[in-house]
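To start, the structure under review is shown below, and the notes come after it.
The values are calculated or read from the model by the stated rules, or taken from the named source; none is laboratory data. It should be emphasised that the depicted structure is a prediction, and the values quoted were computed from it without experimental measurement. Here the Cβ is made from the backbone with ideal geometry for all residues, glycine too, and neighbour counts use every protein chain on show.
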Amino acid sequence: MNLAKQCHFVLWDTAGTHNLTGCISLLVGVKKIMPVPMRNLIVACLLFMFVARIDSYSAAEPSPREELHAQLLDWLLSTQGVAGNDVTLAELDRRVQVPECADGFDFALPFNDKRTVRVTCAEAGWSVITRATFRTPTPTAPPREPNLQVAEQFQLIESGQLGDILTSTDVRRVTEPSLLRRSIGREIALSQIIGAKLARDMPAGSILQAGDLQLAHRVLTVTVPVQRGTELSESNTLEMIFYGSLPADAVASVADLRRMVAATQLRPNQPIRLSNLRQLADVMRGDELVLAVSRGPVTIETLVIALEQGVIGQQIRVENPESGETFQVIVTDVRRAEPR
């Protein structure tokens with residue numbers, strides 16, 4: 001009975017699974033202490049408790065990357081007034097290390113473009129730029145009479161080969177209800193056709209659809225190989241035409257490169273991606289900042305010392321060098337801030 005009492009108390013022991021395991025082993029090995037049915041019943045109960053204990057520890061906590069994704073989605077839904085199925089978040093490059101952020105991530109739109117979002121974790125001194133794609137709801141068109149549907153489509157005047165770049169003289173407009181029934185939802189506009197490349201060899205008279213073309217996109221690339229840590233600007237980048245499937249985080253304008261440096265080596269003729277960049281802090285720890293305090297038409301400027309790094313729109317701690325007082329300010333520009 002001493003062993004039975006000991007195991008009875010172990011059942012309710014929450015310190016770990018080692019006691020349960022040891023008790024099971026003892027019960028299985030003992031043959032004379034108690035009747036076999038009773039011993040088997042206790043062993044079964046202990047095994048059940050052991051499995052339940054293991055299952056309770058198997059629920060994985062969400063990773064920092066998953067937390068960032070969930071918080072960013074919630075932030076976009078609350079600030080942009082869109083539905084969850086209308087937002088697609090660009091996946092961060094797998095080499096980007098997302099830190100744990102107990103106080104939650106901060107989000108801002110640094111370029112007056114709701115697609116480009118700066119994510120920061122103040123406690124870790126970490127930030128990254130990512131992108132979101134918003135789907136524009138398509139208004140429901142009124143039903144049309146059967147057999148009266150007309151689709152604007154285009155066909156090749158002459159045969160074309162893989163890689164040929166199309167011009168307005170290579171195609172002609174065709175309007176045929178029979179063609180609409182075979183290609184509904186796959187039509188392509190003339191503005192997309194002009195400048196696009198053929199994705200395969202096509203005979204004369206072929207009706208062009210989206211899958212037949214590699215569409216042209218205007219993106220930014222580097223003029224020469226750029227090493228990690230190099231700041232990007234107009235001097236080492238240029239716009240190019242990129243054909244095919246465009247990465248969601250491709251940079252389209254040099255205006256999106258404010259204080260950006262390469263996080264990995266960049267090669268010419270490849271789209272610059274936000275996931276391959278890192279933003280320089282607008283304020284570094286130890287910097288002397290100009291703190292502008294406005295009271296009506298009067299603005300007073302004083303100098304403070306940054307106690308942590310930050311980017312525009314982020315709150316950081318600073319110290320008044322004269323009084324030693326520390327307080328929070330908002331970064332407004334490079335080495336400039338205003339009271340929170």
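Worth pointing out:
- Any hit, region 299-306, residues being surrounded by fewer than 12 Cβ atoms within 10 Å (Cβ to Cβ), charged (D, E, K, R), more than 23 Å from the chain's Cα centre (by Cα) and not assigned by TED's automatic domain parsing to the domain that holds Ala122: yes
- Criterion (farther than 17 Å from Pro110 by Cα and surrounded by fewer than 17 Cβ atoms within 10 Å (Cβ to Cβ)) met by exactly one of Thr221, Thr230, Thr237: Thr230
- Comparison of Arg278, Arg317, Arg336, Arg273 shows that the only residue that is among the basic types (Lys, Arg), within 25 Å of the chain's Cα centre (by Cα) and at pLDDT 90 or above is Arg273.
- Test: Val318 is in a strand (DSSP E or B), in contact with a Leu (Cβ under 7 Å, 6 or more places away or on another chain) and not assigned by TED's automatic domain parsing to the domain that holds Ser127: yes
- Across region 329-340, the qualifying residues are those that are surrounded by 20 or more Cβ atoms within 10 Å (Cβ to Cβ) and not small (Gly, Ala, Ser), and the one among them that is nearest to Leu280 (Cα to Cα) is Val331.
- As a summary of the residue check, Ala281 satisfies the conditions (1) among the aliphatic types (A, V, I, L, M); (2) in a helix (DSSP H, G or I); (3) within 17 Å of Val96 (Cβ to Cβ) except for the one numbered (2).
- Enumeration of residues in region 111-164 that are at pLDDT below 80, aliphatic (A, V, I, L, M), surrounded by fewer than 16 Cβ atoms within 10 Å (Cβ to Cβ) and touching a strand residue (DSSP E or B) at 6+ places or on another chain (Cβ under 9 Å): Val150
- Only one entry of Ala90, Ala83, Ala102 meets the criterion of being crowded, with 16+ Cβ neighbours inside 10 Å and either modelled with pLDDT under 80 or among the hydrophobic types (A, V, I, L, M, F, W, C) (or both), and that entry is Ala90.
- Region 268-289, residues that are out of contact with any Pro (no Cβ under 9 Å at 6 or more places or on another chain) and farther than 30 Å from Ala248 by Cα: Met284, Arg285, Gly286, Asp287, Leu289
- Of the residues making up region 278-311, just one is more than 20 Å from Trp126 (Cβ to Cβ) and either in contact with a His (Cβ under 7 Å, 6 or more places away or on another chain) or basic (Lys, Arg) (or both), namely Arg295.
Yes/no per residue for (1) part of a loop (DSSP other than H, G, I, E, B); (2) in contact with an Asp or Glu (Cβ under 7 Å, 6 or more places away or on another chain):
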{"site": "Gly205", "(1), (2)": "yes, no"}
{"site": "His217", "(1), (2)": "no, no"}
{"site": "Leu220", "(1), (2)": "no, yes"}
{"site": "Val224", "(1), (2)": "yes, no"}
{"site": "Arg228", "(1), (2)": "yes, no"}
{"site": "Ile241", "(1), (2)": "no, no"}
{"site": "Pro247", "(1), (2)": "yes, no"}
{"site": "Ala252", "(1), (2)": "yes, no"}
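- Region 183-217, subset of a type outside the set (A, V, I, L, M, F, W, C) and loosely packed, with under 12 Cβ neighbours inside 10 Å, residue modelled with the lowest pLDDT: Gly185
- Qualifying residue in region 290-300 (condition: in a loop (DSSP other than H, G, I, E, B), within 27 Å of Val251 (Cα to Cα) and free of Cβ contacts under 8 Å to residues at least 40 places away in the same chain): no
- Residue count, region 312-328 (criterion: within 13 Å of Ala122 (Cα to Cα) and either of a type in the set (Phe, Trp, Tyr) or surrounded by 14 or more Cβ atoms within 10 Å (Cβ to Cβ) (or both)): 6
- Scan of region 254-287 for residues that are hydrophobic (A, V, I, L, M, F, W, C), surrounded by fewer than 19 Cβ atoms within 10 Å (Cβ to Cβ) and closer than 20 Å to Val224 by Cα, ordered by number: Val254, Ala255, Val261
- Filtered residues of region 90-123 (kept if touching a helix residue (DSSP H, G or I) at 6+ places or on another chain (Cβ under 6 Å) and aliphatic (A, V, I, L, M)): Leu92, Val98
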